[in-house]
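Asks: One structure, pasted below without further comment.
The values are calculated or read from the model by the stated rules, or taken from the named source; none is laboratory data. Owing to the predicted nature of the structure, the values given are computational and were not obtained by experimental measurement. So basically every Cβ, Gly included, is an ideal-geometry build from the backbone, and we count neighbours across all protein chains shown. For accessibility, only protein heavy atoms count, side chains too; no ligands or nucleic acids. Shrake-Rupley method; radii C 1.70, N 1.55, O 1.52, S 1.80 Å.
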Amino acid sequence: MRVIQAGVGGFGQSWIYAVRDCDGFEHVALVDPNVDALLRAGEIVGVPIERQFTGVEEALASVPAAVPVPRIPPSDGTRAPACGSNGRIGGGG
């Protein structure tokens, strides 16, 4: 699945690795208001600078993707499923 990840610094940084390491998922764009965080994340997952954005709207309008992944810390404490040891989102071993 083609993934646009919004939020790649702080909490979102761990999701860079989670998505990268899951079979069938590919980062196609990154979004973060912090340009330094964008550049670091882009190097980690191989997303070129032309697909690194500081705004979600521009990323969604510019890059086709199947899954937008917002990684802004939720205020209610919920968590999205992580990649399990079987290499798939949702876990399992």
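One line per residue, one yes/no per condition, for (1) surrounded by fewer than 16 Cβ atoms within 10 Å (Cβ to Cβ); (2) aromatic (Phe, Trp, Tyr):
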| residue | (1), (2) |
| --- | --- |
| Tyr17 | yes, yes |
| Asp32 | no, no |
| Asp36 | yes, no |
| Gly42 | no, no |
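Asks: Can you tell me which residue within segment 49-65, out of those that are of a type in the set (Gly, Ala, Ser) and either within 16 Å of Gly7 (Cα to Cα) or touching a residue at least 12 places away in the same chain (Cβ under 8 Å) (or both), is most open to solvent (accessible area, probe 1.4 Å)?
Replies: First, the residues of segment 49-65 that are of a type in the set (Gly, Ala, Ser): 55, 59, 61-62, 65.
Among the residues that remain, those that are also either within 16 Å of Gly7 (Cα to Cα) or touching a residue at least 12 places away in the same chain (Cβ under 8 Å) (or both) are: 55, 59, 62, 65.
Details: Gly55: 21, Ala59: 0, Ser62: 70, Ala65: 47 Å².
Here the residue is Ser62.
Asks: Residue under question is Gly46, and the condition is that it be of a type outside the set (Asp, Glu) and modelled with pLDDT under 90; does it hold?
Replies: Working: of a type outside the set (Asp, Glu): yes; modelled with pLDDT under 90: no.
Spelling it out, it is not the case that Gly46 is of a type outside the set (Asp, Glu) and modelled with pLDDT under 90.
Asks: Given the options Arg2, Arg40, name the one that is more than 9 Å from the chain's Cα centre (by Cα), closer than 15 Å to Ala66 by Cα and not hydrophobic (A, V, I, L, M, F, W, C). Even if it seems obvious, please write down each step before you answer.
Replies: Working: Arg40 fails: closer than 15 Å to Ala66 by Cα.
After applying the criteria, what remains is Arg2.
Asks: Within segment 4-22, how many residues are hydroxyl-bearing (Ser, Thr, Tyr) and under 14 Å from Thr54 (Cα atoms)?
Replies: Going residue by residue through segment 4-22, those that are hydroxyl-bearing (Ser, Thr, Tyr) are 14, 17.
Next cut, under 14 Å from Thr54 (Cα atoms) only: none.
Counting residues in segment 4-22 that are hydroxyl-bearing (Ser, Thr, Tyr) and under 14 Å from Thr54 (Cα atoms) gives 0.
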